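Student: Structure below; questions to follow.
The values are calculated or read from the model by the stated rules, or taken from the named source; none is laboratory data. Remember, predicted model here, so these are calculated numbers, not experimental data. FYI the Cβ positions are ideal-geometry reconstructions off the backbone, even for glycines, and counts take in every protein chain you see. Just the protein is used for accessible areas: all its heavy atoms, side chains included, with ligands, DNA and RNA removed. Shrake-Rupley method; radii C 1.70, N 1.55, O 1.52, S 1.80 Å.
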Amino acid sequence: MDEIFQNLATGFGGAFTPVNLGLCLIGCLLGTLIGVLPGIGPIATIAMLLPITYGLSPLGALIMLAGIYYGAQYGGSTTAVLVNLPGESSSVVTCLDGYQMAKKGRAGSALTIAALGSLFAGCVGTLLLAAFAPILAKFAEQFRSPEYFALMLFGLIAAVVLASGSVVKAIAMVVLGLLFGLVGTDVSSGVTRYGFGVPELYDGIDFVPVAVGLFGLAEIMSNLDKREENRDLASKVGSLWPTREETRRAIPAVLRGTVVGSLLGILPGGGAVLSSFAAYTLEKKISKHPEEFGKGAVEGVAAPEAANNAGAQTSFIPLLTLGIPSTPVMAIMVGAMMIQGIAPGTALIKERPDLFWGIVASMWIGNVMLVIINLPLIGLWVKLLHVPYRILFPIILVLCCVGTYSTGNATTLVVMLAIFSVLGYVFVKLGCETAPFLLGFVLGPLMEENLRRSMVISFGDPLIFVQRPISATILAMTFGLVLLIVLPQFRKTREVAF
Amino acid sequence: MQRRDDEAREPGPLAGRALRLVCYAVLVMAAASNLGSIVLAQGFPSRPLKLVVPMAQGGPADSGARLFASSLGDILGQNVIVENRSGASGVVGTEAVVKSAPDGYTLLFGSSSVFAVNPAVIPNLRFDVRRDLKLIGLLMQTDLVFASRPGVGANTLAELIKTAKAHPGKLSFASSGNGGITHLLAELLGLEAGISLLQIPFRGAGPAIIGMLSSDADLTASGIPGLAQHIKSGKAVGVGIASPARSPLMPDVPTFAEQGYPGVEAQNWYGVAVAAATPADIFETLDAATSKVLASAGFKATLEKIGMELMAMGAKEAAPYIVREIDKWSRVAKAANIRLDP
């Protein structure tokens with residue numbers, strides 16, 4: 001234990017210089033900004049800023065890039081709460097209850113809970129990283145394609161729980177999401193599915209137009225077809241601080257979200273996507289009032305936000321200890337490290353302790369800084385809701401189009417945005433929820449890829465999934481979840497029958 | 001102005017004095033770059049140029065493209081804006097340049113996939129890189145290294161071939177994707193050595209490396225920077241380098257040629273091209289500016305930092321080189337029956 005504190009002291013010594021603090025601030029500010037703008041994600045920003053870091057010290061460069069990463073995670077949830085626009089796949093879940101809270105005039109409270117929950121989760125994630133990085137990395141190494149398949153399957157079943165309405169509709173939406181996820185070149189065979197001769201479709205449908213269209217623009221459209229006085233909008237602005245009741249409910253949710261996020265974050269490839277979804281599902285399952293979820297439940301904001309941020313911290317573990325990037329952002333960080341002449345990997349802790357612990361310390365500083373930047377800003381963000389909607393809607397529309405276009409510099413993306421906005425409007429009209437659709441869309445291709453790879457490795461023997469202990473455990477949990485979903489239905493039918 | 005290194009080196013909060021210094025630096029650099037600009041074609045370039053990069057942001061190739069764009073911009077006295085148009089293994093971006101106005105303002109930063117592999121594995125492309133594009137030159141390259149997991153009995157090429165022959169079809173190879181360059185390299189090795197490897201495609205070279213490290217596959221291949229640290233730490237074994245000479249980044253790993261298979265050769269290389277109908281005087285301006293970039297010591301040094309090597313092959317040699325490469329990969333694709341849809 002002493003050793004950890006000594007190491008952290010080394011790290012803080014390195015990170016607490018005026019220059020590094022300044023870089024951390026710039027990174028966090030930039031990150032918050034790009035997180036707030038829909039479509040412009042941290043990947044593009046870090047890639048564009050990479051040349052700037054050539055001239056910085058290695059620690060300074062990494063501190064700034066890491067700041068952008070957390071800042072974006074945080075900024076994404078701001079728009080999710082205020083205008084139902086998820087900037088990142090991780091903030092989709094925040095839309096579900098965060099936007100509903102905003103509609104009830106609790107936008108400030110939702111943002112404060114998100115900020116403080118993220119700070120707590122970030123601190124825990126950092127401590128975990130400091131104390132158990134090598135052990136956790138060993139755990140992540142156990143994950144092969146059968147385990148990933150089992151994890152993705154678990155996520156898909158959990159998606160049904162995400163929905164607050166009809167189970168049948170939720171299943172239908174997951175399946176529809178899977179179908180859309182299949183578009184593009186199949187990784188295993190190289191065959192193009194549903195390409196229709198459009199080269200932009202060969203790599204699959206991009207996430208940004210789907211998420212922005214289904215959530216943000218569809219919401220705007222469904223509001224516009226009501227008379228002005230009946231519009232269901234987040235224009236009431238209540239107290240910026242959470243009430244005592246809200247705080248009481250948020251704290252345990254943050255704790256649980258932190259655990260879920262920390263565990264999933266260390267898995268390379270797909271774990272981080274699941275963390276906020278998984279945390280939400282868990283909250284809804286164990287809650288005493290699951291009917292409140294999707295209608296502005298505090299836990300539905302606190303848990304996924306904490307999970308998301310804890311995962312963002314622990315996803316550095318495989319990178320710093322094994323040299324394995326767990327997300328595309330991490331892959332870019334590897335590039336940044338190599339330019340600085342640092343090889344991320346097992347040797348990093350031993351050879352460059354100043355750097356390793358400096359980054360760890362800067363994560364903590366970055367989290368504190370984000371709260372310092374964002375708490376005063378919450379008042380300002382919430383004021384945005386006072387802007388008349390005849391002005392706000394066109395601005396959102398333009399920002400969404402620009403952001404979507406810039407993810408791939410292609411007009412096809414804007415066309416897709418339009419298509420998915422209309423589709424989202426249809427979903428709203430039919431009373432179908434979009435979150436299960438989106439989870440099916442994101443997880444489907446990953447699940448298929450890992451399923452087929454597992455089958456190739458086992459030479460076609462499906463027993464590979466039950467012979468491996470971790471995969472078998474996750475599959476058993478999945479089965480348990482299916483029972484949980486199905487049993488109440490049976491009970492109801494029986495009640496009707498008798 | 002493109003962001004320059006000096007401006008970027010400015011750390012943290014901007015104190016007034018530092019800001020003034022930066023302004024001076026930018027002014028001086030702007031003046032210097034004007035002096036250095038060459039005027040061959042009248043008035044070209046009179047507006048910013050666009051460098052289309054048909055890959056996603058972030059990888060070493062993207063960094064290389066951005067480095068080239070800013071160096072080229074300095075010499076031409078105009079901004080060169082990088083535009084990432086990824087999709088369909090580079091076909092989307094390539095097609096955008098093929099269809100662009102042939103005025104020299106739209107350039108393509110293509111990889112060996114774009115110039116040599118795609119034409120070999122995609123039979124119904126809507127363009128022909130040999131006919132529709134004009135290469136200004138090949139700029140940079142990374143050597144590919146073939147690696148195995150320790151304990152699978154493939155520490156050298158001879159061992160690999162022996163193991164593969166003893167258990168046909170059991171030794172698995174994690175490729176960066178169907179019809180990608182590492183897939184073709186593994187097939188080329190299979191053809192030359194008479195062995196058959198079990199292909200396990202991944203979404204890109206990074207995931208393929210992780211796949212091999214986590215025991216989803218026994219072998220993989222990638223550019224040296226991706227595997228260097230794993231080979232150094234003993235998590236992977238360097239089997240061979242698919243280049244004529246050993247790499248300075250990995251001097252201990254022998255080439256395939258040294259191990260008796262000189263034909264097994266593949267590199268990731270990157271070149272720049274314009275639409276074929278670009279006027280000759282504009283092409284010469286771009287050609288001269290590119291040669292200047294390639295000759296500068298700073299460019300070479302920064303390239304090496306991102307794990308790339310300078311290639312510097314001019315337009316005259318580049319055209320026949322890509323024809324040879326297309327022929328080589330067409331042969332492999334035909335023998336191994338690899339074809340992609342788009």
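Student: Can you tally the net charge around B:LEU107? Count Lys and Arg as +1, Asp and Glu as -1, for every other residue whose Cβ sits under 12 Å from the Cβ of B:LEU107. Working shown, then result.
Tutor: On the way: positive: B:LYS50, B:LYS134; negative: B:GLU83, B:ASP103, B:ASP287.
In short, -1.
Student: Compute the FRET efficiency between A:ARG390 and B:LYS316 as 1/(1 + (r/R0)^6), taking r as their Cβ-Cβ distance and R0 = 60 Å, and round to the nearest 0.05. The partial results should precede the final answer.
Tutor: Values: r = 62 Å, r/R0 = 1.03.
Once rounded, the FRET efficiency stands at 0.45.
Student: Let's test the formula: R0 of 30 Å, r as the Cβ-Cβ distance of A:VAL402 and A:VAL426. What FRET efficiency results, to the nearest 0.05? Please list the in-between numbers first.
Tutor: Details: r = 25 Å, r/R0 = 0.83.
Efficiency at R0 = 30 Å is approximately 0.75.
Student: At 1.4 Å probe size, with no ligands or nucleic acids counted, give the accessible surface of A:LEU59 in Å², nearest ten.
Tutor: Near enough 20 Å² of accessible area.
Student: How much solvent-accessible surface does B:SER113 expose, in Å² to the nearest 10, with a 1.4 Å probe and all protein chains in place?
Tutor: Number for this one is 30 Å².
Student: For the protein assembly as shown, what are the per-bin percents of Cα-Cα distances with bins 20 Å wide, up to the bin holding the maximum?
Tutor: Histogram of Cα-Cα distances, whole percents per bin: 15, 48, 32, 4, 0.
Student: May I ask what percent, to the nearest 5, of DSSP beta bridges between residues of the protein assembly as shown are antiparallel?
Tutor: 65 percent
Student: Set the bar at 26 Å for Cα to Cα. Now go through B:LYS165/B:LYS235; B:LYS162/B:LYS305; A:LYS288/A:LYS429; A:LYS226/A:LYS284; A:LYS103/A:LYS284; B:LYS99/B:LYS305 and name every pair that lies beyond it.
Tutor: Too far apart for the 26 Å limit: B:LYS162/B:LYS305; A:LYS288/A:LYS429; A:LYS226/A:LYS284; B:LYS99/B:LYS305.
Student: Let me ask another. Under the rule that an exposed site lies in a DSSP loop and has at most 15 other Cβ atoms within 10 Å, name the longest stretch of chain A with no trypsin sites (Lys or Arg not before Pro) of that kind, not counting the sites themselves. Each step should come with its number before you reach the end.
Tutor: Working: sites that count: A:LYS104, A:LYS226, A:ARG227, A:ARG231, A:LYS236, A:LYS288, A:LYS295.
Counting only loop sites that pass the neighbour cut-off, the longest clear stretch is A:296-498.
Student: Sort A:MET477, B:MET250, B:MET311 by accessible area with a 1.4 Å probe, largest first.
Tutor: On the way: A:MET477 105, B:MET250 15, B:MET311 40 Å².
These residues rank, largest area first, as A:MET477, B:MET311, B:MET250.
Student: Given the protein chains as shown and a 1.4 Å probe, how many square angstrom of B:THR182 are accessible, to the nearest 10?
Tutor: Taking all protein chains as shown, B:THR182 has close to 10 Å².
Student: Could I ask something else about it? Go through B:HIS183, A:HIS289 and list them by solvent-accessible area, largest first, probe radius 1.4 Å.
Tutor: Values: B:HIS183 15, A:HIS289 60 Å².
Correct descending sequence by accessible area is A:HIS289, B:HIS183.
Student: Have a look at region B:143-241 and give its Rg and Dmax from the Cα atoms, expressed in angstrom.
Tutor: 11.7, 32
Student: Taking the Cβ of B:ALA242 as the center, what net charge do the other residues with Cβ under 10 Å away carry, scoring Lys and Arg +1 and Asp and Glu -1?
Tutor: Numbers: positive: none; negative: B:ASP143, B:GLU265.
Within the 10 Å Cβ shell, the charges total -2.
Student: OK, next. How long are the semi-axes of the ellipsoid equivalent to chain A, from square roots of 5 times the Cα gyration tensor eigenvalues, in whole Å, largest first?
Tutor: Values: eigenvalues 215, 162, 111 Å².
Taking √(5λ) for each Cα gyration eigenvalue gives 33, 28, 24 Å.
Student: Shifting gears a bit: Obtain the nm distance between the two label points defined at A:GLN467 and A:ALA418 by a simple spin-label model: each point lies 7 Å from its Cα along the Cα-to-C-beta direction.
Tutor: Computed distance between label sites A:GLN467 and A:ALA418 equals 5.3 nm.
Student: Follow-up question, since we're still on this one. With every protein chain left in place, what is the accessible area per residue of chain B in square angstrom, probe 1.4 Å? Don't skip to the answer; put the middle values down first.
Tutor: On the way: 13560 Å² over 342 residues.
That works out to 40 Å² per residue.
Student: Ratio to report: Rg/Rh of region B:194-342, with Cα atoms as the point set and Rh obtained by the Kirkwood method; give two decimals.
Tutor: Radius of gyration over Kirkwood radius for region B:194-342 works out to 1.00.
Student: Still on this model: What base-10 log of the normalised intensity I(q)/I(0) is obtained for region B:198-258 from the Debye formula, alpha carbons as equal point scatterers, at q = 0.29 Å⁻¹?
Tutor: Scattering profile of region B:198-258, log10 relative to I(0): -1.29.
Student: Could you work out how much longer the chain between A:LEU380 and A:THR247 gets when fully extended? Use 0.36 nm per residue separation minus the Cα distance between them, nm to one decimal.
Tutor: Details: separation 133, 0.36 × 133 = 47.88 nm, distance 2.20 nm.
Between A:LEU380 and A:THR247, full extension yields 45.7 nm more.
Student: Which order do A:GLU283, A:GLU291, A:GLU245 take when ranked by solvent-accessible area (1.4 Å probe, heavy atoms of all protein chains), largest first? Mind dumping the intermediate values first?
Tutor: Values: A:GLU283 5, A:GLU291 110, A:GLU245 90 Å².
The residues order as A:GLU291, A:GLU245, A:GLU283, largest area first.
Student: A follow-up question, please. Could you check how much of the accessible area of region B:143-241 is carbon and sulfur, as a whole percent, using a 1.4 Å probe? Don't skip to the end; give the middle numbers.
Tutor: Details: 1640 of 2950 Å².
Reported share for carbon and sulfur atoms: 55 percent.
Student: Compute the signed sum of charges (Lys and Arg +1, Asp and Glu -1) over the other residues within less than 13 Å, Cβ to Cβ, of B:PRO207.
Tutor: Working: positive: A:ARG144, A:ARG453, B:ARG203; negative: A:GLU449, B:ASP216.
Residues near B:PRO207 contribute +1 overall.
Student: While we're looking at this one, here's another question. Under a point spin-label approximation (7 Å from Cα along Cα-to-Cβ), what is the A:SER189-A:VAL175 distance to one decimal in nm?
Tutor: 2.1 nm
Student: Could you work out the pair-distance distribution P(r) of chain B from its alpha-carbon pairs, with 20 angstrom bin width and percents rounded to whole numbers?
Tutor: For chain B, the pair-distance distribution reads 30, 52, 17, 1.
Student: How much of the accessible area of chain A, in percent, comes from carbon and sulfur atoms when a 1.4 Å probe is used? All intermediate terms of the calculation are to be shown ahead of the outcome.
Tutor: Details: 13520 of 19110 Å².
Carbon-and-sulfur percentage of accessible area, whole number: 71.
Student: Could you give the length gained by full extension between A:LYS104 and A:LYS285, i.e. 0.36 nm per residue of separation minus their alpha carbon distance, to one decimal place? Present the calculation step by step, with values, prior to reporting the outcome.
Tutor: Values: separation 181, 0.36 × 181 = 65.16 nm, distance 2.36 nm.
Length gained between A:LYS104 and A:LYS285: 62.8 nm.
Student: Between chains A and B, what is the buried accessible area summed over both chains (1.4 Å probe, protein heavy atoms, nearest 100 Å²)? List each step's numbers first, then the result.
Tutor: Details: alone 21070 and 15570 Å², together 32680 Å².
In total, this chain pair buries about 4000 Å².
Student: Given the -39500 (n - 2.57) contribution per DSSP H run of 4+ residues, what per-residue ellipticity at 222 nm results for chain B, rounded to the nearest 500 deg cm²/dmol? Spell out each step's value before the answer.
Tutor: Details: 13 runs with 147 residues, N = 342.
The helix-only estimate for chain B comes to -13000 deg cm²/dmol at 222 nm.
Student: Would you calculate, for chain A, the mean residue ellipticity at 222 nm contributed by helices, counting each DSSP H stretch of 4 or more residues as -39,500 (n - 2.57) and dividing by all residues, to the nearest 500? Walk me through the numbers before you get to the answer.
Tutor: Numbers: 21 runs with 362 residues, N = 498.
My calculation for chain A gives -24500 deg cm²/dmol from helical runs alone.
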